[in-house]
2 protein chains.
Amino acid sequence: MSSKAYQLSNKYYYGSDPILVAVDSIIFGFDYHEEKLKILLFKRLVEPFSGQWSLIGSFVKPHESADASAYRILKELTGLSNVFLEQLKCYTETDRDPGARVMSIAYFSLIQIEDHNDELINLHGTRWFDIDSIPDLVLDHNKMVREALEHLRTMVRRKPVGFELLPNHFTLPQLIKLYQEIYQKPLDDRNFRKKIHSLGLLKKLDKKDKSTSKKGAFLYKFDQKKYMELLEKGFNFEL
Amino acid sequence: MSSKAYQLSNKYYYGSDPILVAVDSIIFGFDYHEEKLKILLFKRLVEPFSGQWSLIGSFVKPHESADASAYRILKELTGLSNVFLEQLKCYTETDRDPGARVMSIAYFSLIQIEDHNDELINLHGTRWFDIDSIPDLVLDHNKMVREALEHLRTMVRRKPVGFELLPNHFTLPQLIKLYQEIYQKPLDDRNFRKKIHSLGLLKKLDKKDKSTSKKGAFLYKFDQKKYMELLEKGFNFEL
DNA sequence: TCAAAAGTGTTGGGATTACACCCATGG
DNA sequence: CCATGGGTGTAATCCCAACACTTTTGA
């Protein structure tokens, strides 16, 4: 019985009441063909509500941190390991899960849709959903999605995390479309370019992407060093 | 046995491993006589490390949310109930507490030092410490304090929470000193006044506080409605 | 009358907004 | 050669930072 291991290590806190702890990840991706921000969902595996759409999650195991748990489940379902993943918020209402007293730590993740392993995706029945047509999810997961989306909108103004959603080489039109989709409003093309260039974050490549126009749009990558610097100290990216 | 109640409600998740969950609150106060930002600590009541300085915390009980737990312990130790309290971050490293596998949800609180009940403070052996001379704390509590302080500095630029640390009636010199203490840098007096007035958050009273000068400084209170509005939508308060 | 803290405005520079046309190319 | 999307510059405005003197009054 697995709770035995736990009991053994509890030398001190007799009489205190342990609680089940889960992690649930809100995983964002940007489909730049459709120009849509999406989140990754799967069908819940356990009762109650088995088979219903759910955030991707797992119970936290005795010998792993919550971070490790969130990384583990993300790796299992997408094959990805070097991704942007951070803790968002802990949901602790006593009645949030009718199955038991379960707390959930929500994680916020940004991934590049193209990178993930399609076989794994199919294997586990995960699916990308447009953020404006998320189905009814189990428990309080719809609330988690709403709050994660707010977090994304706030965050993108302070840190250059938008890039986590784009492929390594991307064009400015793609970048602009991403920000428009996140902010849910049209942005001025010229001012956006001016601002993004002024950050010194972009490295222009020689190649062009001609998949969307005859003229072709220059590809860029971002300067890893500058990126880290800005991630650390933040910036102000109001538009 | 209290864990029985828990077992009873766990109809579904057999074989999953529950974890002890605690809350720990980083409680900030501003002593405007000393012009110092402080945090409230107490001496830990349980082994291991009983008697050492610690953040104020408690285990989360089976029938309370983590928020309720944090409010409960704050009320017990300070007598205060209408305070600014929000969840900060969950600490989940497996080895963070040698006593057992315990997660801790850190809470961030801002209170008005004068409001709290001195008798309770004395009764529980709590004490205010300058943020620049925090003693060694149990477990990872020093880390929590550092991160909470960073959070305060970030937050104060986006939301008008500074007021939570001041008495209901306060003077502009007090407010400026508070911000200087939080930002840890001198601020331009005239620009600060201009900016704070432009927010439309302050209501000037007829009274003056003459405790710090012969001329006396006008007392202000803040406009609750405007405050709520700005708390909701945020602002930019770079200085 | 003077010391000590409170209060008050202006100006220059940098950033942000609004806005319209030329460019390159494949079909 | 033309339709389509990619790319560029400037002027007006707003916001922010820097900066020094006057006011009040109790001792």
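Some points to look at:
- Considering residues of region B:78-104 that are closer than 16 Å to residue A:70 by Cβ and under 20 Å from the mean Cα position of the chain (by Cα) only, the residue farthest from the other protein chains (Cβ to nearest Cβ): B:91
- Single condition residue B:212 does not satisfy, out of (1) over 16 Å from residue B:37 (Cβ atoms); (2) more than 11 Å from DNA strand D (Cβ to nearest atom); (3) modelled with pLDDT of 95 or more: (3)
- Qualifying residue in region B:30-51 (condition: buried (at least 18 other Cβ atoms within 10 Å of the Cβ), touching a residue at least 60 places away in the same chain (Cβ under 8 Å), of a type in the set (A, V, I, L, M) and farther than 24 Å from residue B:184 by Cα): no
- For region B:140-188, filtered to residues that are away from DNA strand C (no atom under 16 Å from the Cβ) and over 28 Å from residue B:90 (Cα atoms), the residue that is nearest to the other protein chains (Cβ to nearest Cβ) is B:185.
- With respect to being of a type in the set (Gly, Ala, Ser), without any contact (Cβ under 8 Å) to a residue 60 or more places away in the chain, part of a strand (DSSP E or B) and within 13 Å of another protein chain (Cβ to nearest Cβ), residue A:58 fits the description.
- Taken residue by residue, region A:118-127 has no member that is in the same structural domain as residue A:141 (by TED's automatic domain parsing), buried (at least 22 other Cβ atoms within 10 Å of the Cβ) and touching a residue at least 24 places away in the same chain (Cβ under 8 Å).
- Scan of region B:203-239 for residues that are surrounded by 15 or more Cβ atoms within 10 Å (Cβ to Cβ), away from DNA strand C (no atom under 11 Å from the Cβ) and either under 12 Å from residue B:170 (Cβ atoms) or among the β-branched types (Val, Ile, Thr) (or both), ordered by number: B:221, B:222
- From B:235, B:192, B:218, residue being part of a loop (DSSP other than H, G, I, E, B), within 12 Å of DNA strand D (Cβ to nearest atom) and not aliphatic (A, V, I, L, M): B:235
- Count of region B:189-202 residues which are free of Cβ contacts under 8 Å to residues at least 40 places away in the same chain and within 14 Å of DNA strand C (Cβ to nearest atom): 8
- For region A:105-129, the set of residues classified as assigned to a loop (DSSP other than H, G, I, E, B) and within 12 Å of the chain's Cα centre (by Cα) consists of A:111, A:112, listed by residue number.
The values are calculated or read from the model by the stated rules, or taken from the named source; none is laboratory data. Just so you know, these numbers come straight off a predicted model, no measurement behind them. Methodologically, a virtual Cβ is constructed for each residue, glycine included, from the backbone with ideal geometry; neighbour enumeration extends over all protein chains shown.
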